[in-house]
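Report on the structure given below.
The values are calculated or read from the model by the stated rules, or taken from the named source; none is laboratory data. If you're wondering where the values come from, they're calculated on a predicted model, not measured in any experiment. Please note: Cβ atoms are built from the backbone with ideal geometry, for glycine as well, and neighbour counts cover all protein chains shown. Ligands, DNA and RNA are excluded from the accessible area calculation, which covers all protein heavy atoms including side chains. Shrake-Rupley method; radii C 1.70, N 1.55, O 1.52, S 1.80 Å.
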Amino acid sequence: DKYGFYIKREYENIQSNDYWVADSHTFDVMVADGTTQKPKRMYLVAFMDVRSGVFTGIYITDKPSSQATLYALYRGISRYGIPKNIYVDNGHEFLTFDVGGLGHRKKKSRQEQPEPPPVFKRLGIEMTNAIVKNARAKIIERRFLDVKNQLSRLFDTYTGGNVLEKPERLKKVLKGKIIDELEFTNIVEDMLNYYFNEQAYNSEVTEDHGKTRNEVYYEHLIEKRVAAKEDLWLMMLRSTKPHKVGRRGVHITVSGKRIDYVNDDLLMNWQGKQVYVRYDPENLGRQEIAGAMKEIRRQERIVRESVKAHRTVALGAKNALDIILCEVENNKRKPLENHNPVLKIQRANEESYYQEAVGSSEPVVIDINRMIRNAEKRKDEFK
C-alpha cells in the first residue's frame with residue numbers, strides 16, 4: 001500500500017482488452033430536461049481500454065447508478081468484446097452485490113450466505129478496486145479532463161468547473177433556448193466514438209506515437225472474448241437478494257414498485273425455499289412505458305434532424321462544434337481496421353450457477369407479461 005503509489009504501470013506488457021478502467025464524469029454543461037425543459041446536468045459513465053486509451057463503453061444519463069454502469073459495459077462489450085479485467089474505484093455503482101460484488105463492503109453476517117454470482121463473475125471479468133486516495137491510478141480521470149476542455153467548452157451553456165471558470169454570459173444564455181438533453185447525448189456519443197477515439201495516441205508507449213488510439217487498440221488486440229447475443233443477455237441480467245417464496249410467489253422491486261410473479265409450479269416445488277430472481281430492468285421499463293414510446297420516437301426524430309442540420313455545415317462551419325461534427329461524419333466513413341485476433345467464446349454457464357445457488361439444474365422461467373398483469377390486478381383491487 002505504501003509503495004503502490006509510485007510503481008509505474010508497464011503499458012508495453014498490456015494488450016488491448018486486458019484492462020478496462022471505468023468511472024463517471026459530470027458534464028460542465030447545462031441542458032434542457034426533455035419533460036420540464038428546466039436546465040440540468042448530465043453524467044457520463046465510461047469504460048476505457050488501458051492500453052490504447054479508447055473509450056469502449058459509454059452511457060450518458062442524468063443519474064449515475066449501477067444500472068447505468070451495466071448499460072455502458074454492455075455497449076462496450078457489444079462493440080469491442082469482453083475485457084479480462086476491470087479497474088474501478090469503491091463507488092456503489094460498482095460495489096453492488098449483483099454487479100461486481102460487495103468486496104470489502106460485505107458484512108460479516110453475510111459472509112456464509114449464498115448469493116447469486118454477480119454480472120462481472122458471469123462474464124469472466126476480474127474486478128480490481130483502486131486504493132483510496134490513489135486517483136492517479138485511474139487514467140480515465142485524465143481523459144475526462146480532455147472531455148471537459150475539448151468537448152464541454154464547445155457548448156454555449158458551458159458552466160465551468162468552478163466559480164472562476166464560469167463564463168459571464170452563462171446567466172443570459174440560460175434564459176434563452178438551450179440544447180435539449182437528447183441532442184446533447186447524440187452529439188457527445190458521436191464525438192467520443194468518432195473524434196476522441198481517432199485522436200493521436202500520446203500515452204506512455206513511445207513506439208505507438210504517431211498512430212491514432214483506434215489504430216493502437218487494433219494492433220494490440222491479440223485475443224477477443226465474445227458472446228452470442230442471447231448468452232450476453234443472460235450473463236448481464238440483474239439479480240435480487242435471496243428471499244423466500246411465499247403465497248404470492250416471488251417479487252422484484254423496480255423504481256420503488258413491487259412486481260409479483262406466481263404460478264402453480266413455483267408454489268408446489270419452491271414455496272418456503274430461499275431463491276433469487278434474475279430480471280432485465282430494460283425489458284420491464286419497455287413494458288411500463290409502452291404507451292409513451294410513440295412520443296419518444298417522435299422527439300428522437302426531431303433531435304436527429306437537428307443534429308443532421310449541424311453536420312451539413314461542412315466548409316461553411318459556423319463554430320468549433322460544427323467543424324468537429326464534420327470531422328466526426330468523415331471518421332464514421334472510415335473502414336474498420338484489418339485485424340484478426342483470436343476469438344474466444346464466452347458462454348452463459350447457467351447450469352453450474354443454479355447448482356451452486358440452489359442445488360438444482362432446472363430453473364423456473366419467469367414470464368414478464370404475467371408479472372405485469374399481476375401488478376395491474378393489484379392496482380385495480382386497491383382502487
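Over region 116-258, average the accessible area per residue using a 1.4 Å probe and give it in Å², no decimals.
Values: 7540 Å² over 143 residues.
Spelled out: the 1.4 Å probe surface of region 116-258, per residue, equals 53 Å².
At E189 and A320, where each label point lies 7 Å from the Cα along Cα→Cβ, what is the point-to-point distance in nanometres?
So the two model labels end up 2.5 nm from each other.
Residue separation times 0.36 nm, minus the C-alpha to C-alpha distance between N85 and N162: what's the value? It would help to have the intermediate numbers written out before the result.
Values: separation 77, 0.36 × 77 = 27.72 nm, distance 3.44 nm.
Answer, rounded to one decimal: 24.3 nm.
Please find the FRET efficiency linking D146 to R9, where r is the Cβ-Cβ separation and R0 is fixed at 22 Å, and quote it to the nearest 0.05.
My answer for the efficiency is 0.70.
Length gain on complete extension for the stretch K241 to H339, per 0.36 nm per residue less the alpha carbon to alpha carbon distance?
Computed gain between K241 and H339 is 31.0 nm.
Mind listing the long-range amide H neighbours of V99? Cut-off is under 5 Å, sequence gap 5 or more, other chains count too, H placed in the peptide plane at 1.01 Å from N.
V119
Considering the zone a paramagnetic label at K273 would reach in this model (a point 7 Å from Cα along the Cα-to-Cβ line), which residues of region 227-241 have amide N under 18 Å from it?
Flagged as within label range: 240-241.
Pairs to check: K148/K224; K40/K332; K148/K211; K40/K177; K63/K224; K40/K172. Give those whose C-alpha atoms are more than 21 Å from each other in this structure. Each step should come with its number before you reach the end.
Numbers: K148/K224 31 Å; K40/K332 30 Å; K148/K211 23 Å; K40/K177 13 Å; K63/K224 31 Å; K40/K172 16 Å.
Table pairs above 21 Å Cα-Cα are K148/K224; K40/K332; K148/K211; K63/K224.
Specify the inter-centroid distance of region 11-25 and region 44-78, based on alpha-carbon positions, in whole Å.
If you average the Cα positions of each part, the centres end up 12 Å apart.
Hand me the trypsin sites (Lys or Arg not before Pro) from region 154-245 located in a DSSP loop with no more than 12 other Cβ atoms within 10 Å, in residue order please.
R169, K175, K177
Which order do K344, K8, K84 take by accessible area at a 1.4 Å probe, largest first?
Solvent-accessible surface, decreasing: K8, K344, K84.
Report the full-extension gain for the segment R41 to S78: residue separation times 0.36 nm, less the Cα-Cα distance, to one decimal in nm.
10.6 nm
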